[in-house]
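The values are calculated or read from the model by the stated rules, or taken from the named source; none is laboratory data. Because the structure is a prediction, the values reported are computed rather than measured. Virtual Cβ from ideal backbone geometry, glycine too; neighbours counted across all protein chains shown. Ligands, DNA and RNA are excluded from the accessible area calculation, which covers all protein heavy atoms including side chains. Shrake-Rupley method; radii C 1.70, N 1.55, O 1.52, S 1.80 Å.
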Amino acid sequence: MSPAMKLEPQGPACPPAHSTGSDQAIGAAGRIAWYGPIGAGDGRANARWCATVGPVLLDPLPAARLPALARDDSLAVVSWNILIGGGDLARFLRDELGYDCHPTSPEPSEYASHFVLLIQEAYRRSEVIPDVPESFRFPPRIVPPSPPEGWPDIREIAHRCGLALFYVPSQRNGPETLEGQREDKGNAILSTLPLRDPIAVELPFEAGRKVAVGATVDGPGRTDLRVVSVHLDVASTLTRTLTTANTARLRQSLGLLESLALAETSGAPVRPCGEVPHPIATVAAGDFNSWSAGESALDQMRICFPESPPWDGKPTYGPFPTDFIFFRRGGDERIEHLEGSERRVEERYGSDHHARIAWLGLRE
Amino acid sequence: MMHARPAVRGSIVLLSLLLFGLPSQADDAQAQEPSGSTGAAIGGAALGLASGGMLGVMGSLLPCTETLEQLTCVRASAISGGLIGLGSGTLVGAWDSSRLASAAKGAAIGFGAGAAVGFVLKEVVRQYGWLDVVSAGAIGLSIGAQPEGAALGLGAGLFVGSVLWLAVPSWELPDLAVTGLLGLAVGGVAAWVVEAAEANSSGGSGVTIPFSLRL
């Protein structure tokens with residue numbers, strides 16, 4: 001039942017990807033590699049939704065001046081659904097990672113390390129998001145409880161904290177136009193390390209367009225590390241649920257895995273995980289919207305990411321275990337997930353999800 | 001994988017059969033003796049297949065989500081439920097068409113109730129369309145054909161799930177939905193078997209059924 005995926009050389013059938021960063025930054029990052037499902041039905045639905053959102057944001061070089069990652073340093077990887085800006089990222093960074101935000105000169109504490117944030121439900125407010133006829137049935141606008149100063153969007157957060165940013169909107173956050181601006185939402189990567197080789201994966205379409213985003217960073221020991229932020233659908237339509245055996249999330253996770261394999265093999269035929277060596281260490285994390293930790297979509301991820309930290313039994317969204325961090329060393333035996341380091345962050349910082357954190361380091 | 005158009009056509013055919021075909025046969029049957037006919041057997045087969053198959057899907061959706069062979073698992077359950085329903089429905093129709101008329105009436109009411117719920121969902125849930133209204137009707141049909149068995153099964157499933165939730169630390173609250181739906185499906189399909197056995201009994205075969213699901 002694996003949904004066949006393909007590289008989309010021309011990008012998705014929606015506004016062309018472009019960067020808000022400098023030309024130099026764009027050149028350093030290279031262009032984004034897009035992947036999407038081969039199925040015509042998936043493609044049409046994704047294209048229809050894609051036309052309602054604004055362009056990709058890619059600012060691959062962090063403005064914050066920090067010491068380079070030393071050989072013995074570990075790297076923190078965070079996965080967090082921030083509820084359309086409801087999660088207070090600045091406070092999270094200060095309290096959990098010891099990083100005080102500043103556009104260029106943050107003051108990391110003694111115990112702070114470099115980090116990569118894999119964000120779901122990031123949002124952007126902008127006038128460049130297209131106005132679309134009301135006949136399009138938009139997802140309703142999600143409005144989190146307001147902090148006094150309002151909700152900074154993902155671009156503003158990246159700027160305030162001097163972080164590299166890769167944001168790919170997947171759908172609108174409501175049809176409203178507010179003071180001439182509209183909102184879209186999607187997955188993002190924020191990092192204290194430069195982002196290279198950005199990829200975007202349009203997942204097989206179920207109830208709404210979902211785009212996983214990935215990039216490569218210099219991991220511990222200067223190893224290449226691919227990081228991917230994922231958000232799967234909650235549920236499909238009732239008819240699809242009945243006629244496809246509730247395989248919405250399994251189908252999307254298989255689509256993601258196949259696209260990652262395509263990215264690793266430069267488009268060569270993909271074989272099942274375990275039969276091929278993966279050339280690059282990878283972390284794929286996010287909100288899988290799973291109702292049980294034993295869901296097939298998660299089991300499929302575990303098969304392909306055999307060095308993943310075990311689940312600690314703690315739910316992250318109400319009673320549901322929705323958020324996970326998966327890891328595989330790939331061909332690089334030097335990097336590893338530091339045993340026992342993965343945990344749920346107990347405070348939600350204004351989001352409706354708990355974040356998860358794991359640390360990666362060099363093997364002894 | 002089922003496609004949209006066949007699903008709609010199938011639902012329309014089945015609904016037409018339920019609304020216009022079976023009741024008239026049942027009226028004929030009730031006017032005479034509690035006996036069946038070839039036509040009623042065919043109608044029973046169709047109703048049993050639809051009801052049992054849908055119950056098989058519903059009962060397996062969540063448990064099968066925890067297997068890597070998710071699609072195969074649900075298909076196997078749907079085929080099993082459908083075959084049991086097909087066989088039982090055929091026998092019910094062949095032996096006692098008045099029982100089949102009762103099941104068909106319940107199925108029609110169930111379809112209407114399910115479609116009404118589906119319509120409300122369509123207005124509330126963004127991605128839902130008319131096809132989902134039909135699907136909700138089909139779920140209602142499958143339950144409505146054997147409401148007592150489905151209700152008993154649901155109750156038993158929720159009870160077992162509650163006990164497990166209290167007793168087993170790793171048992172999660174969402175697992176209650178699993179046992180509930182599983183119970184509903186097993187109860188509904190089992191009720192078809194009991195219905196067939198009772199139809200045989202009432203048809204004068206001499207077989208005495210030691211219990212009844214009629215409340």
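If you take each beta carbon of peptide A:245-252 and count the beta carbons of other chains within 10 angstrom, what is the mean?
That works out to 5 on average.
Per residue of B:61-67, count partner chain C-beta atoms within 10 Å of its C-beta, then hand back the mean as an integer.
5
Which chymotrypsin sites (Phe, Trp or Tyr not before Pro) from the stretch A:86-156 combine a DSSP loop assignment with at most 13 other Cβ atoms within 10 Å?
Here the chymotrypsin sites (Phe, Trp or Tyr not before Pro) that fit, given the DSSP loop and packing criteria, are A:Y111, A:F136.
So what are the ³J(HN,Hα) numbers for the stretch A:288-299, from phi and the Karplus equation (6.51, -1.76, 1.60; θ = phi - 60°), rounded to whole Hz, Gly and Pro as x?
The phi angles translate into 8, 6, 7, 8, 9, 6, x, 4, 4, 4, 6, 4 Hz.
In whole Hz, what ³J(HN,Hα) sequence does the stretch A:351-358 give by Karplus (6.51, -1.76, 1.60; θ = phi - 60°), x for Gly and Pro?
Calculated HN-Hα couplings, in order: 7, 9, 10, 7, 7, 10, 10, 9 Hz.
In whole Å, how far is the Cα centre of the stretch A:222-238 from that of the stretch B:98-159?
Cα centroid to Cα centroid, the span is 35 Å.
If you count the DSSP beta bridges with both ends in the protein assembly as shown, what percent of them are antiparallel, to the nearest 5?
Given both bridge residues lie in the protein assembly as shown, the antiparallel proportion sits at roughly 75 percent.
Cut-off under 18 Å on the C-alpha distance; same-chain residues fewer than 8 positions from A:K6 excluded. Which lysines are left, in chain and number order?
Correct list for A:K6: A:K210.
Rounded to the nearest 5, what is the percent of antiparallel bridges among the DSSP beta bridges in the stretch A:31-362?
Antiparallel bridges make up about 75 percent of those DSSP assigns within the stretch A:31-362.
In nanometres, what is the gap between the two model label sites at B:V117 and A:R137, each 7 Å from Cα along Cα-to-Cβ?
In this crude label model, B:V117 to A:R137 measures out at 1.9 nm.
Give the ranking of B:W95, A:W151 by solvent-accessible surface, highest area first, calculated with a 1.4 Å probe.
So, going from the largest accessible area down, we get B:W95, A:W151.
Give the long-range amide H neighbours of A:L338: residues separated by 5 or more places, or on another chain, with amide H under 5 Å away, using H modelled in the peptide plane at 1.01 Å from N.
HN-HN under 5 Å from A:L338: A:W359, A:L360, A:G361.
Measure off 7 Å from each Cα along the Cα-to-Cβ vector at A:E307 and B:L68, then give the distance between these two points in nanometres to one decimal.
Each label point is offset 7 Å from its Cα along the Cβ direction, giving 2.1 nm.
In cubic angstrom, how much convex hull volume per residue do the alpha carbon atoms of chain A span?
Roughly 133 Å³ of hull volume per residue.
Which shape class, rounded, prolate or oblate, goes with the stretch B:90-208 when its Cα gyration tensor gives a ≥ b ≥ c as root eigenvalues, a/c under 1.5 marks rounded, and past that a/b bigger than b/c marks prolate?
oblate
Take peptides A:49-57, B:180-188, B:161-169, B:115-123 and line them up by average Cβ neighbours within 10 Å, highest first, as a rough protection proxy.
B:180-188, A:49-57, B:115-123, B:161-169
Where does the longest stretch of chain A lie that holds no trypsin sites (Lys or Arg not before Pro) found in a DSSP loop with 12 or fewer other Cβ atoms within 10 Å?
Between the exposed loop sites, the longest stretch runs A:138-362.
I need to check one value: relative contact order of the stretch B:64-160, counting alpha carbon pairs closer than 8 Å and at least 6 residues apart, in percent.
This gives 25 percent for the stretch B:64-160.
Taking a ≥ b ≥ c as the square roots of the Cα gyration tensor eigenvalues, with a/c under 1.5 meaning rounded and otherwise prolate when a/b beats b/c, else oblate, which class fits the stretch A:148-287?
Oblate.
Provide a list, ordered by number, of residues in the stretch A:128-143 showing at least 20 Å² less accessible area with every protein chain present than when their chain is taken on its own, using a 1.4 Å probe.
A:R137
Probe 1.4 Å, all protein chains in place: accessible area of B:L154 in Å², nearest 10?
For B:L154, the solvent-accessible surface is approximately 60 Å².
Quick check: with the 1.4 Å probe, what order do A:H278, A:H159 take by accessible area, largest first?
The ordering from most to least exposed comes out as A:H159, A:H278.
Suppose each label sits 7 Å from its Cα in the direction of the beta carbon; what would the A:L66-A:V234 distance come out to in nanometres?
Here the modelled spin labels are 3.3 nm apart.
Over all residues in B:131-141, what is the mean tally of Cβ atoms on other chains that come within 10 Å of each residue's Cβ?
Across the residues of B:131-141, the mean count of other-chain Cβ atoms within 10 Å is 3.
Output ³J(HN,Hα) for the stretch A:168-173: one whole-Hz value per residue in order, computed from phi by the Karplus curve 6.51 cos²θ - 1.76 cosθ + 1.60 with θ = phi - 60°, and x for Gly and Pro.
10, x, 10, 7, 6, 9
If you take the beta carbon distance between B:S35 and A:A4 as r and set R0 to 51 Å, what does 1/(1 + (r/R0)^6) give as a FRET efficiency, to the nearest 0.05?
Given R0 = 51 Å and the Cβ-Cβ separation, E is 0.40.
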